[in-house]
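Take a look at the structure set out below.
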Amino acid sequence: MLVLIGILIIIAGFVLRFNPLLVIMASALATGLAAGLDIAAIVAAFGKAFNDTRYVSIIWIVLPVIGLLEAYGLQQHARTLIGRMKGATLGRLLTGYLLLRQAMAAVGLTSVAGHAQTVRPLVAPMAEAAAEAVNPALTDEQREEIKAQSAATDNIGLFFGEDIFLAIGSILLMKGVLEGYGYQIEPLHFSLWAIPTAIAAFLIHGLRLRRLDRRMAANKGAAA
Amino acid sequence: MITLGFVYVLAGLTFALFALLGAMDRSNPKRFGNAAFWGLLALSMLGGDYLGDFGNGLLVLALVAIAGTGQIGRAPSGDIPADVQAERAAKHGPFLLFVALIIPAAALAGTFLFKWLPGLADPKQATLISLALGVLIALAVGMARLKPPLLLPAQQGRRLLDSVGWAAILPQMLASLGAVFALAGVGEVVGDLIGTAIPQGSLFGAVLAFGLGMALFTMVMGNAFAAFPVMLAAVGMPLLIKQYGGDPAVVAAIGMLAGFCGTLMTPMAANFNLVPAALLELKNPYGVIKAQIGTALPLLAVNIVFIWIFAF
């Protein structure tokens, strides 16, 4: 029971808005001590895991390219492009991106798009421009919501597309865990059962994007 | 053969350059904090395999100390004026879009290419390696045509990373915390607790506990992968599959997706929820989570109903 102290520290730390890195370290130390490890062993275990998961942080190598392109006006160009497309509303644009992201993830192409590669340089400015075309007097709150919804759409497309792909980590994990209980299940079965939820995710989020469209257009300039 | 090691070297050199440029940026009052932070990350990328477990642990402690005492900041100015950007966009627009699309296109092409032609690159890491190659190609093409000052990409990239700040390593830190949790057996304890909290004799109650448990435990751990084995052992296997005869493929597949709904609602999933808020310069660090809750909750309900309908 005592090892749960780490979870309490995490929750309290996030609620009280301490620096998350400090909170994580405190949680790791408390959890390790509660489990009877000594400090040196905890530091070593954390260090090993940190080194093993470095691939998580390599995405930042795209920043020099994004920085170069943004310095030359990529975001402005993305906005201009949307301005030229007459039927491109905010909702339709993000729904199209949602579908594209789900479809790509479903064939295993999860790292092709993402927050650094596509959302910041392309999707968010396009979404903002599409909303601006309908409602030129967008408030800061509305702009903030549009950007947040662009990132949200990327996440939802990724999460509820990737499990349709046979060789994704989560499917291999499910297969491995069930094998431990003596159930031999082909990855294809997991993949197929991810499809109903993928469709539901598209419908639910698509509906919300349509409503976002109306909300951004209707209250001309008023805060949402 | 190209391996992930090549990507780590590339990332290490990039962070080292950021550290160097950061140290020279006199407009940032916390320039040495930033330089030390990105410098340590460069060391981790380049030499992590030679530092030993304890050495890597000390490196992490140093990173936490720098960030936790507020030694990281960003330069107040240096943005390229909007009218200059607009003028350049009018001139180079289509080319910029072309270069931006090189990275995803290379990731796509490389993923297939390296699987068809084994021996060129580690097939297990094909996408990450292709992504890195795409970055190099895009940079070369962009530099050749735009002819910016040599260090402009690195300077602008560093400014973007400074605006993300310490959140840049939050995902890696949380993944490491998960490893310590696993070592301490946190999962088993939580599983036991949830297992005892389920009403007896109600199939729907058990399905509900499984789905909600997946989402809640994922929110705590920031990762559905950590929640899955625990919830399956506590509820999925003994009740849903063994006692009520549910289809294990359905219970597992849709249970995992119920967990993904939890991922959408937690700051612990930093790379999906907090990092983009920093990257998009949102005022509310929880803005992305706020935008996702309206989809995550109904979808969680749908997943629970799906398990109930499809598994039995």
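Only the coordinates and a few stated rules stand behind these numbers; no lab work does. Worth saying up front: this structure is predicted, and the values here are computed from it rather than measured. Cβ coordinates were reconstructed from backbone atoms using ideal geometry, including for glycine residues, and neighbour counts include every protein chain displayed.
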What average number of partner chain Cβ atoms lie no more than 10 Å from the Cβ of the residues making up B:3-13? 2
From the backbone phi of region B:298-303, what are the Karplus-calculated ³J(HN,Hα) couplings (6.51 cos²θ - 1.76 cosθ + 1.60, θ = phi - 60°) in whole Hz, Gly and Pro given as x? x, 5, 5, 4, 4, 4
Would you mind checking which residues have amide H under 5 Å from B:Ala121's amide H? H placed 1.01 Å from N; only 5 or more apart, or other chain. B:Ile2
Computed over region A:47-156, the relative contact order (Cα-Cα under 8 Å, seq sep at least six) in percent reads 35
For the Cα atoms of chain A, what angle does the longest principal axis make with the long axis of helix A:20-34, in degrees from 0 to 90, nearest 10? 20
What does the structure give for A:29-40 when I average, per residue, the other chain Cβ atoms found within 10 Å of the residue Cβ? 3
With the calculation restricted to Cα positions, what are the radius of gyration and Dmax of the protein assembly as shown in angstrom? 23.1, 72
On the principal axes of its Cα set, how long, how wide and how thick is region B:158-312? Give whole Å, largest value first. 57, 34, 24
For peptide B:130-136, the mean count of other chain Cβ atoms within 10 Å per residue Cβ is 4
If one compares the long axis through the Cα atoms of helix A:195-218 with the longest principal axis of the Cα atoms of chain A, the angle in degrees, nearest 10, works out at 40
Summing Lys, Arg as +1 and Asp, Glu as -1, what charge do residues with Cβ under 15 Å from the Cβ of B:Asp53 carry, B:Asp53 excluded? -1
Using Stokes-Einstein with the Kirkwood hydrodynamic radius over Cα pairs, what translational diffusion coefficient do you get for region A:87-140 at 10 °C and a viscosity of 1.306 mPa s, in µm²/s rounded to a whole number? 132
From the residues B:Phe204, B:Tyr8, B:Ala291, which one has its Cα farthest along the dipole of the protein assembly as shown in the positive direction, the dipole being from +1 and -1 charges on Cβ of Lys/Arg and Asp/Glu about the Cα centre? B:Ala291
Sum -39500 (n - 2.57) across every DSSP H segment of at least 4 residues in the protein assembly as shown, then divide by the residue count to get the 222 nm mean residue ellipticity, nearest 500. -24000 deg cm²/dmol
Restricting to Cα pairs under 8 Å and 6 or more apart, the percent relative contact order of chain B works out to 15
log10 of Debye I(q)/I(0), alpha-carbon scatterers only, for chain B at 0.09, 0.13 Å⁻¹: -0.63, -1.13
Mean Cα-pair separation over length for region B:108-219, i.e. relative contact order, pairs under 8 Å, 6 or more apart, %: 11
Proximal lysines relative to B:Lys290, as straight alpha-carbon distance under 20 Å, when same-chain residues fewer than 8 apart are discounted: A:Lys147
Computed over the Cα atoms of region A:72-224, the Rg and Dmax in Å are 18.2, 61
Using a Debye calculation, one point per C-alpha and no hydration shell, please list log10 I(q)/I(0) for region B:1-70 at q = 0.13, 0.14, 0.16 Å⁻¹ in order. -0.40, -0.46, -0.58
Can you flag which of B:Lys30/B:Lys91; A:Lys48/B:Lys115; A:Lys48/B:Lys124; A:Lys86/B:Lys147 are past 26 Å Cα-Cα? B:Lys30/B:Lys91; A:Lys48/B:Lys115; A:Lys86/B:Lys147
Cα gyration tensor shape of region A:2-52, rounded if a/c is under 1.5, else prolate or oblate by comparing a/b with b/c: oblate
Could you work out Rg/(2.2 N^0.38 Å) for region A:2-115, with Rg from alpha carbons only? 1.63
Can you tell me the dipole magnitude for the protein assembly as shown around its Cα centre, using point charges on the Cβ only (Lys, Arg +1; Asp, Glu -1), in Debye to the nearest 20? 1380
From the Cα gyration tensor of region B:4-168, with a ≥ b ≥ c the square roots of its eigenvalues, which class applies: rounded if a/c is under 1.5, or else prolate if a/b is larger than b/c, or else oblate? oblate
